[in-house]
Amino acid sequence: MAPTPDAFAPWTHTRLAALNAQFEPRSPKVVLDWAADTFGDDLVQGTGFGPSGIVIMHMLADLQPGTTVFYLDTDLLFPETYELKDELAETVDVDVTRVHGGLSLEEQAQQEGEELWNQNPDRCCHLRKVKPLKNFLEDKRAWITGLRRDQSPSRADAPILKWEPQCSVLKINPLAPWTRKQVWRYLFDHDLPYNPKHDQGYPSLGCVPCTEPVDDADGYSRDGRWSDSDKTECGLHTS
Ligand code: SF4
């Protein structure tokens, strides 16, 4: 029987468990420093320019200036998100890179029907996020995310390091143990910009049609995403 791609991964459960135990009490910067040393140019960060992603960008710019920081452009992000992206690209020493699936909204409407996000959000996320991500990560070895355990119940067990079978990369979640309060303290301490929509009741910002403001300011950081359905993830973090 042909071996699965995982069989070629050097990241055995034992090795990952040992590294995770070592990193758990350490600063996220220690994790990123290790990642930069280990992967060099094969290391990329993915972000939607949320608070966690901005903290990581800032740390990476110090540790390995010029690191590729990609965002998935669904053509449906908030105008404020695009403006923040431009500001960060100008002021933080990383290489902000647009990743797009090549399918325009008009083409999607012709092929799949109008407003696919209402009819079949999983399919929409697959076409506009998951598929482009997989293509982009094809020749990469490590993918940094801003995922944190306190963002939602489905993320409560997120490890710092995890082999990602969907994309055959090591997924690195340096802020997994951090709280929302720690992230915001870092942003304010370093005078970093953030999306103004967070001050208007949006704890998390994705695509415009699937993101709502929330009443409970003390809820989860992912509240407000697909709020009228059971969907909690776009498929990027569900393996
Ligand atoms: S978040 Fe909504 S609009 Fe964006 S890709 Fe997913 S379903 Fe489509």
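In summary, A7 fulfils each of the numbered conditions (1) modelled with pLDDT under 95; (2) farther than 24 Å from R149 by Cα; (3) open to solvent by less than 50 Å² (accessible area, probe 1.4 Å) with the single exception of condition (3). For R155, the conditions (1) buried (at least 17 other Cβ atoms within 10 Å of the Cβ); (2) touching a strand residue (DSSP E or B) at 6+ places or on another chain (Cβ under 9 Å) are fulfilled apart from (2). If you go through segment 200-218 and keep only what is more than 16 Å from the ligand (Cβ to nearest atom) and in a helix (DSSP H, G or I), you end up with just Q200. Looking only at segment 22-36, decide whether some residue is within 30 Å of L116 (Cα to Cα), of a type in the set (D, E) and at pLDDT 95 or above. No, segment 22-36 has no match at all. Taken over segment 179-207, residues that are of a type in the set (S, T, N, Q) and either open to solvent by 60 Å² or more (accessible area, probe 1.4 Å) or without any contact (Cβ under 8 Å) to a residue 60 or more places away in the chain (or both) amount to 3. Residue count for segment 94-136, restricted to those that are of a type in the set (G, A, S) and open to solvent by 30 Å² or more (accessible area, probe 1.4 Å): 3. As for segment 9-21, it holds no residue that is assigned to a helix (DSSP H, G or I), free of Cβ contacts under 8 Å to residues at least 24 places away in the same chain and farther than 22 Å from P177 by Cα.
If you check G102, G53, G66 for being in contact with a strand residue (DSSP E or B) (Cβ under 6 Å, 6 or more places away or on another chain) and among the small types (G, A, S), only one passes: G66. Scanning segment 137-152 for residues that are small (G, A, S) and modelled with pLDDT of 95 or more, we see that the one that is most open to solvent (accessible area, probe 1.4 Å) is G146.
Exactly one residue out of K181, K162, K171, K197 is part of a helix (DSSP H, G or I), away from the ligand (no atom under 16 Å from the Cβ) and among the charged types (D, E, K, R), and it is K181. In summary, helices (runs of 4 or more DSSP H) completely within segment 67-159 and bearing 2 or more residues that are more than 14 Å from the ligand (Cβ to nearest atom) and more than 29 Å from H190 (Cβ to Cβ) occur at 105-112, 131-137. The conditions of being open to solvent by 50 Å² or more (accessible area, probe 1.4 Å) and in contact with a helix residue (DSSP H, G or I) (Cβ under 7 Å, 6 or more places away or on another chain) are not met by D41.
The values are calculated or read from the model by the stated rules, or taken from the named source; none is laboratory data. Note that the structure is predicted; figures quoted are calculated from it, not measured. Backbone-built Cβ (ideal geometry, glycine too); neighbour counts: all protein chains shown. Calculation scope for accessible area: heavy atoms of the full protein, side chains included, ligands and nucleic acids excluded. Shrake-Rupley method; radii C 1.70, N 1.55, O 1.52, S 1.80 Å.
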